[in-house]
Structure formats: structure tokens, C-alpha cells
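In what follows, a single structure is set out as C-alpha cells and then discussed.
The values are calculated or read from the model by the stated rules, or taken from the named source; none is laboratory data. This one's a predicted model, so the numbers in the text were calculated from it and none came from an experiment. Cβ sites come from the backbone with ideal geometry, for glycine too, and all protein chains shown count toward neighbours. Accessible surface areas use protein heavy atoms only, side chains included; no ligands, DNA or RNA. Shrake-Rupley method; radii C 1.70, N 1.55, O 1.52, S 1.80 Å.
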2 protein chains.
Amino acid sequence: MPRYRVTIEYDGTPFVGWQRQSCGASVQSCLSAAIAKFSSETVAVSGAGRTDAGVHALGQVAHFDLQRVWDTQTVQKALNFHLKPQPIAIIACAVTTQDFDARFSAIARHYRYRILARAAPPMLDRDRVWWVRGKMQPMAMAQAAATLIGRHDFTTFRAAGCQAQSAIKTLDRLAVTAAGEEILIEASARSFLHRQVRSMVGSLKLVGEGKWTAHHLRAALDAKDRSACGPVAPAAGLYLVRVDYPQPP
Amino acid sequence: MPRYRVTIEYDGTPFVGWQRQSCGASVQSCLSAAIAKFSSETVAVSGAGRTDAGVHALGQVAHFDLQRVWDTQTVQKALNFHLKPQPIAIIACAVTTQDFDARFSAIARHYRYRILARAAPPMLDRDRVWWVRGKMQPMAMAQAAATLIGRHDFTTFRAAGCQAQSAIKTLDRLAVTAAGEEILIEASARSFLHRQVRSMVGSLKLVGEGKWTAHHLRAALDAKDRSACGPVAPAAGLYLVRVDYPQPP
């Protein structure tokens, strides 16, 4: 029974998130439906990142098993055909081994967060950025961000409903760069807590506005207390960019 | 009577274009309506680039006169308020001199065209790029593009309905660069013929696909014949990026 690995791009705006919910369309359920339509098989689809409602993906990874052996280009084309008009596209498809698991084999997840800082609202990037009025100080944000890198108890930056057993995670990268009126925040780790990136971004925004210093951010981390976190950043600015796996031997 | 100069961003998707038409919403008419709502004055709005239906702007420039002297920040905020929910935003507003004309004072117009070359359709950039299946050769496109730079008779790359008196224009820049799966074509000139950028892009795409060589492109230019042009590129990939004016003395 072959296992297929797919790389997926989606506009998160109309979805309740990656995962199936009691109500509303999820990316996972749309994928399952498209797989069933072309293969007549009903299968479980497992994804690397359980993105929230409104969060986008440029390179989500998922796997599923089918009884039948298909050409991977055929799978990609058939899925893209049946996914229409949902804003989900398979951008790569490969056959992988049975020990590959999109979620548990991942060794790194890379997220990007986009903030647009200017007086006028975005027209071409509606639902794609967090629009923040007024000037931001990206240098101050970058310096403060460095304090979160490494192995920490991220309880402060964890959603109430987070199901992870431990709040201790290793954040490998948290880079803040400015490009014109846009501020990009790039975060990499083996895994993240629920809403961790948006929670960190929400607090970094306070630093960018001069309301917090790097010291405040560090104190928030050290507090290990959800109530010490700044307001969580909106979903529309967040992108799951890439998921890394070990190279096959 | 003060003259106001505004810089405008818009998503061209829902509009019949910049200019007022007998039917459908134009950017120009939406702007006039927003100006009337906040100032109670009915004025003509003159734009630098008469973008076609579906063409976007990151930095369109327009001017209009009002009887009353307003604070420019107030004008910007009021227009952005009254433009909602249309995807048009005023990103800058200034008072200028009576001899400034958004269209006739312009000394350079800069356009960008985005091609996405990959097997899967775009999900995050729907209505923002020209999706082209299969590999493109950006180096070949860049080399061929160079043949169009300079002063030429661009009859081949001019729409049938173009109202310009002469087809002779000077193209200052036509650069093709690749960024991942995306190909960017940047064109600069004092002024362009109607559909000139999309006509040139349509022919450059044939070069990128290996269907045309630089020689074919040059022969098309030399033919001075509309029927020698490749299929015109779709509007959704085109952006009016910036308009330049002489520095005030």
C-alpha cells in the first residue's frame, strides 16, 4: 500500500483551520473529499502543522495511504481538479516510505508572519498581513526577539487549549527584518505550541510600538503565565512556509 | 484653490479600469464619489496611468482641486473611510502646485508584471499573477527583452483602440528576473501605448517557453504590425508600481 506525501499551498481565509471541526470547512476535510473523488478511497490525511482558522500555508506537508499505485503527477492533477473552487493546491506529490509521518517525522517547521505598518489599509494584501497603523521599530523588535531564542518554558506564549504535554520547546530562529513598510518575522523550531508564533508576534508588536522593551518581553517569558502575554496577533498574517524532514539514507 | 496630489493603491480585480466607463465601477468614479462624500464638492480626478480592467496599482498618482483648504492627513483618512468597501486606498496625500498634472507632468512610469510558472495554480496569489504551466527560461526572456529597449515604433505592441498620436515611444527599461517559481518583468518609460506592457509580456512569454527566439521578437517589433504580436498577457499580473515627477525647484 503506497504512502503519498503532498506539499500544499492554501489561502486560510475561508477555513476553520487545517483540522476537521464540528462545523465549517477544514483543509483536511477538503483534501479527504478530493482524494475520495478521484480514487474512491476514504482515507485519513495527516498534516505536519495544525494551522488555525485564517492561517495560510505555502508549504504544508501531509501524507495518506491509498490501496492503488498511482502516478504522482496524476495524483497532483486529479487532486487540484477536485479541490476547485477551494483555495487549496497540491504543489508537489511524491511516493514515500511507510515510516514517513508528516507530523512526527518533521525535524523543523518554518513560519513567517507579515506586518504592514502604514497609515492606509492594505488593498492588494487584504487577509494576507496584519495591518498596524503608525511607525514600528523593527530593530528593537529584532533585539527583543533574540531573548526568546533557545530552550525555554513557553507557557506565556501558549494558547489555553494547547494539548502539548510540555510547554518546554526549543526556538531555533526568531528573526525580524524590515522591507519597506512591511515587517517580516520568521520563526523556526522542531515544533511549536498552539498559537505560539502569534502570541510571540503579538508581544513583539508591543516592542515595535515602543510600549514594551526587550526587558518586558523577557519578563513575560520568565513569568510562565499566559496573562503576561501581549494580545495575540491575528491569523491572517501567518504562513506555514516549509516543513523539513531528515534526508532519506 | 488648492490642488491635491494623491498616491493610490488598488486591487484592480473588481473594476472596469481606472477610467470611467458607460457601465461598471471605475477607480476614477469611486474616487470622485469619495471626494464628494467628504467635501461635498464634485470634482474631476486626473490619473497618471489609465490602467485597464483587472490591472492593479501600488502607486497610481492622481490630482484634483478643491475649493477648501484641508489638512492632508484629514483628506487621506476621510477618503479611505469613504472608499470602503472598495479595494482602493490613498497611501499618500500632499498639496501641490497648480502646474502639477498627474498625467502630463509625469516623467517616468514604472510597471511590474508577475508570472508564476509551476504545475499548480496559485492560491494565495489568485488574481495577482499570470499562472503559466511548465518551465520558463527567464535568461532567454531577459536577453530577448533587451532588443525592445530604446526608441522604437511599437505598433506591434499597441492595442487596436490606442489613442496615442504616435506609436514611437522610448522604452527605458525592460528587465526580466526570476525569483523561485516567479518571473518578474519590470518596464519603465515616460509613457506607454495602450496595452503595450501586456503585449510585450505576451510575446516574451513565448520566448520563455522556447516557442520564440530573440530574433522572432525583434522581427515582430520590426514588422510594425499588430498581428505579429503574441497573445496579450492577462491583466491580473500587471501592476502600476510608481510614477515619477520632476523634483520641485
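Highest mean packing comes first when the peptides B:122-128, B:26-32 are listed by Cβ atoms within 10 Å, giving B:26-32, B:122-128.
Leaving out ligands, DNA and RNA, and with a 1.4 Å probe, what % of the accessible surface on segment B:139-208 is carbon or sulfur? Taking all protein chains in place, segment B:139-208 shows 48 percent carbon and sulfur surface.
Counts of other chain beta carbons within 10 angstrom of each beta carbon in peptide A:86-94 average 3. The dipole here belongs to segment A:60-166: it is taken about the Cα centre, uses +1 on the Cβ of Lys and Arg and -1 on the Cβ of Asp and Glu, and is about 600 debye. Note that segment B:106-113 has calculated 3J(HN,Hα) couplings of 4, 10, 7, 10, 10, 10, 10, 10 Hz, one per residue in order, obtained from phi through the Karplus relation 6.51 cos²θ - 1.76 cosθ + 1.60 (θ = phi - 60°); glycine and proline are x.
When you count the other C-beta atoms within 10 angstrom of each residue and take the mean per peptide, A:196-209, B:210-223 line up highest first as A:196-209, B:210-223.
Given their separation in residues at 0.36 nm each and the Cα-Cα distance between them, A:Asp65 and A:Asp99 gain 11.1 nm when the chain is fully extended.
Projecting the Cα atoms of A:Gln196, A:Ala25, A:Gly47 onto the charge dipole of chain A (Cβ charges, centred on the Cα centre) puts A:Gln196 farthest toward the positive pole. Counting only other chain Cβ atoms within 10 Å of each residue's Cβ, the peptide B:113-123 averages 5. Accessible surface area normalised per residue over the protein assembly as shown is 46 Å², counting heavy atoms of protein chains with a 1.4 Å rolling probe. Charged neighbours of B:Ala53, selected by a Cβ distance under 13 Å, balance to +1 (K, R count +1; D, E count -1). Checking the Cα-Cα distances for A:Lys135/B:Lys37; A:Lys135/A:Lys224; B:Lys77/B:Lys169; A:Lys84/B:Lys135; A:Lys205/B:Lys37 against a 27 Å cut-off, the pairs over it are A:Lys135/B:Lys37; A:Lys135/A:Lys224; B:Lys77/B:Lys169; A:Lys205/B:Lys37.
Per residue of B:51-59, other chain Cβ atoms within 10 Å of the residue Cβ number 1 on average. How much length is gained on full extension from B:Lys211 to B:Val232, taking 0.36 nm per residue of separation minus their Cα-Cα distance? Full extension from B:Lys211 to B:Val232 adds 6.0 nm. Among the residues of segment B:65-82, those with an accessible-area drop of 20 Å² or more from chain alone to full protein complex, heavy atoms and 1.4 Å probe, are B:Gln76, B:Asn80.
A 1.4 Å probe, protein heavy atoms only, puts the accessible area of B:His110 near 40 Å². Across the identical copies, the 7 Å label point of A:Ala219, projected outward along Cα→Cβ, sits 7.5 nm from its counterparts, in ascending order.
Taken about its Cα centre, the protein assembly as shown carries a charge dipole of about 140 debye when Lys and Arg each add +1 at the Cβ and Asp and Glu each add -1 at the Cβ.
For segment B:135-151, the Karplus equation 6.51 cos²θ - 1.76 cosθ + 1.60, evaluated at θ = phi - 60°, returns couplings of 5, 10, 10, x, 5, 5, 5, 4, 5, 5, 4, 4, 5, 8, 5, x, 8 Hz by residue, with Gly and Pro reported as x. Sorted from shortest to longest, the distances between the B:Met1 label points of this copy and the other copies are 7.8 nm, with each point 7 Å from Cα along the line through the beta carbon.
Sorted shortest first, the distances from the A:Gln163 label point to those of the same residue in the other copies are 6.2 nm; each point sits 7 Å from Cα along Cα-to-Cβ. The long axis of helix B:196-208 is offset from the longest Cα principal axis of chain B by roughly 30 degrees. Between B:Ala108 and B:Asp244, the built amide H atoms are under 5 Å apart, and every one of these is 5 or more places off in sequence or on another chain.
Rounded, prolate or oblate: pick one for the protein assembly as shown, where a ≥ b ≥ c are the square roots of the eigenvalues of its C-alpha gyration tensor, a/c under 1.5 means rounded, and failing that, prolate if a/b is larger than b/c, else oblate. In terms of gyration-tensor shape, oblate.
Of the solvent-accessible surface of segment B:1-117, computed with a 1.4 Å probe and all protein chains present, 51% belongs to carbon and sulfur. For segment B:58-86 and segment A:95-170, what is the separation of their Cα centres, given in Å? Between the Cα centre of segment B:58-86 and that of segment A:95-170, the gap is 35 Å. For the interface of A with B, what's the total buried accessible surface in square angstrom, probe 1.4 angstrom, rounded to the nearest hundred? Using a 1.4 Å probe on protein heavy atoms, the buried area is about 1600 Å².
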